[in-house]
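See below for the structure under consideration.
The values are calculated or read from the model by the stated rules, or taken from the named source; none is laboratory data. Bear in mind the structure is a predicted one, so any value in this text is a computation, not a measurement. Positions of Cβ are generated from backbone atoms using ideal geometry, with glycine treated the same way; all protein chains shown enter the neighbour counts.
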Amino acid sequence: MNGVHDMGGMHGMGPVQEQKNEPVFHEQWEGRLFALRRAMGAWRKWNIDVTRHEVELVPPADYLRMSYYERQFVAFLVLLAKRGFITPKELDAGKPALGSTVAVPALTVEKAAALIAKGAPASRDVPVAPRFETGQRVRARNINPVGHTRLPRYARGKLGTIDRDHGVFVFPDTNAHYLGEKPQHVYSVRFAARELWGQQVAQQDSVYLDMWDDYLDPA
Amino acid sequence: MTTNRRDFLSAAVTAAGAALTPELHHTHDHEHQAVPSDLALRVKALESLLVEKGLVDRAALDTLIDAYEHKIGPRNGAHVIARAWADSAYKQRLLTNADAAIAELGYGGMQGEHMVVVENTPEVHNMIVCTLCSCYPWPVLGLPPVWYKSAPYRSRSVIDPRGVLSEFGLDLPADVEVRVWDSTAELRYLVLPERPAGTAQLSEEQLAALVTRDSMVGVAKVAPPQAGVSA
């Protein structure tokens, strides 16, 4: 979707402000939320692309006003309700509905440790032929899907070169909508900065984006 | 006080087939105040609810928080960089198969399943961003700082990397090539910074102590050892 999350190249956001000796979590609730999201993710009722898209659906004015963790919280509440984990009544009351069943947590301490150590690879060991090879000239497709995509607006329609093939990965545009993983090759694609931004930028500079087969056409 | 957020939540959840009506009073006008914020209370209430329903285990939450607050952070990445500086065979492995090379030192896992390491030289400067969200290599750098997740960094790094670097105090010569890596997929990037001058005698541990988080994101260089600190 052409949302405000797709920020690459926008102006007017102000200077980058670095905080010295910044804590990992600025407030305790941020850490609790961070962990809650992983613990609920272990139920496998959604995937990482679903969670990213849910954050993108936060309306633009709210998205820009909120902190990172505030956005995550709002999107998390919506997702919990959508997938039937909690009801509005339960959230208001702060306790489970009378007579509701008690589950056994999906994420145990042991599984949390394994998740931290191993993660959840997005690569897929399936025989899918690459559509492009290293060094090939490509053009990013000019697509404007209303759903989730990882093809930023600033690269659409632009000419680039395949820098390397990373192998086969889950395709977010379908996976974010529970429409399957549609595994395909992901490449680092090099775009000259001038192709993206015009003649005012340095001639030798470039931006590399990771792109799936479905984002590219031969040029 | 704005009601936008409450309206949004109602609308969003109505669309989801439910009628969630949380009272989200928190606004940015009085953020980070001393009393527990509304959000702190709301997250606490949500945690209690999920625990009571048997959906989450508090001890598992503590395990996750402890790992990212105390165990996983940029010292891991600094260890990797120092090893690459000290051992050229390791450096080659790191640049050609980062996952395996990083795993040699015991690091890896969530949000670092597919790593790529890019090398800074006097001619080429690499920097990392995620314009679409906030992707970052957790196993080697920990969770990202606020500036990395902020709109200014995400919006400007790709169109004006030299301006952004300048704000970090790094003014690159005009003839250096800048490569910006936008983390649009599940690949996670780590910059191998240039080894500073005057470090030939340093041990791997001493080298690691020089390496900063910012240098591994590519928004800073590694400074030479200060006088009196070197071996």
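Given the structure, is A:V170 out of contact with any Gly (no Cβ under 7 Å at 6 or more places or on another chain), aliphatic (A, V, I, L, M), over 23 Å from A:S123 (Cα atoms) and touching a residue at least 24 places away in the same chain (Cβ under 8 Å)? Don't jump to the end; show me each part of the working.
Working: out of contact with any Gly (no Cβ under 7 Å at 6 or more places or on another chain): yes; aliphatic (A, V, I, L, M): yes; over 23 Å from A:S123 (Cα atoms): no; touching a residue at least 24 places away in the same chain (Cβ under 8 Å): yes.
No: the conditions fail for A:V170.
Restricting the search to region B:161-209, which residues are more than 8 Å from chain A (Cβ to nearest Cβ), under 21 Å from the mean Cα position of the chain (by Cα) and free of Cβ contacts under 8 Å to residues at least 60 places away in the same chain?
B:G163, B:L165, B:S166, B:G169, B:L170
Restricting to region A:67-82, give me the number of residues that are more than 17 Å from A:A42 (Cα to Cα), buried (at least 21 other Cβ atoms within 10 Å of the Cβ) and without any contact (Cβ under 8 Å) to a residue 12 or more places away in the chain.
Adding up the residues that qualify gives 1.
Any residue that is at the interface with chain B (Cβ under 7 Å from one of its Cβ atoms) and without any contact (Cβ under 8 Å) to a residue 60 or more places away in the chain - is there at least one of those in region A:41-49?
First, the residues of region A:41-49 that are at the interface with chain B (Cβ under 7 Å from one of its Cβ atoms): none.
There is no residue in region A:41-49 that is at the interface with chain B (Cβ under 7 Å from one of its Cβ atoms) and without any contact (Cβ under 8 Å) to a residue 60 or more places away in the chain.
Name the residues in region B:133-177 that are in contact with a Ser or Thr (Cβ under 6 Å, 6 or more places away or on another chain) and over 15 Å from A:V16 (Cα atoms), would you?
B:C135
Any residue at all in region B:135-144 that's over 30 Å from A:A114 (Cα atoms) and within 12 Å of chain A (Cβ to nearest Cβ)?
Pass one, region B:135-144, residues over 30 Å from A:A114 (Cα atoms): none.
Scanning region B:135-144, I find no residue that is over 30 Å from A:A114 (Cα atoms) and within 12 Å of chain A (Cβ to nearest Cβ), so the answer is no.
Residue by residue, here is whether (1) surrounded by fewer than 20 Cβ atoms within 10 Å (Cβ to Cβ); (2) over 14 Å from B:Y189 (Cα atoms); (3) in the same structural domain as B:S166 (by TED's automatic domain parsing) holds:
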position	(1), (2), (3)
B:A67	no, yes, no
B:V80	no, no, yes
B:G106	yes, yes, yes
B:G112	no, no, yes
B:L132	no, yes, yes
B:Y136	no, no, yes
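Name the one entry in A:E110, A:E181 that is within 30 Å of B:L61 (Cα to Cα) and free of Cβ contacts under 8 Å to residues at least 24 places away in the same chain. Walk me through how you get there before you give the answer.
On the way: A:E181 fails: free of Cβ contacts under 8 Å to residues at least 24 places away in the same chain.
Criteria check complete, one pass: A:E110.
Here's the yes/no breakdown for (1) modelled with pLDDT under 95; (2) crowded, with 23+ Cβ neighbours inside 10 Å; (3) touching a Gly at 6+ places or on another chain (Cβ under 6 Å); (4) in a loop (DSSP other than H, G, I, E, B):
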residue: B:S155; (1), (2), (3), (4): no, yes, no, no
residue: B:V158; (1), (2), (3), (4): no, yes, yes, yes
residue: B:G163; (1), (2), (3), (4): no, no, no, no
residue: B:V191; (1), (2), (3), (4): no, yes, yes, no
residue: B:R195; (1), (2), (3), (4): no, no, no, yes
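Being surrounded by 16 or more Cβ atoms within 10 Å (Cβ to Cβ) and out of contact with any Pro (no Cβ under 9 Å at 6 or more places or on another chain) is the filter here; which residues of region A:203-219 pass it?
Filtering region A:203-219 for residues surrounded by 16 or more Cβ atoms within 10 Å (Cβ to Cβ) gives A:204-216.
Within region A:203-219, A:Q204, A:S206, A:Y208, A:D210, A:M211, A:D214, A:Y215, A:L216 qualify.
List every residue pair whose Cβ atoms lie under 8 Å apart, where the two residues are 6 or more positions apart in sequence or sit on different chains, the first residue falls within region B:134-160 and is more than 21 Å from B:V118 (Cα to Cα), and the second residue, located anywhere, is part of a loop (DSSP other than H, G, I, E, B) and of a type in the set (V, I, T).
B:W147/A:V16; B:S150/A:V16; B:P152/A:V16; B:S155/B:T131
Would region A:176-199 turn up any residue that is more than 24 Å from the chain's Cα centre (by Cα) and either assigned to a loop (DSSP other than H, G, I, E, B) or surrounded by fewer than 15 Cβ atoms within 10 Å (Cβ to Cβ) (or both)?
Yes, region A:176-199 contains a residue that is more than 24 Å from the chain's Cα centre (by Cα) and either assigned to a loop (DSSP other than H, G, I, E, B) or surrounded by fewer than 15 Cβ atoms within 10 Å (Cβ to Cβ) (or both).
Applying the selection to region A:1-45, what residues are surrounded by 19 or more Cβ atoms within 10 Å (Cβ to Cβ) and at positive phi?
Scanning region A:1-45 gives a single hit, A:G9.
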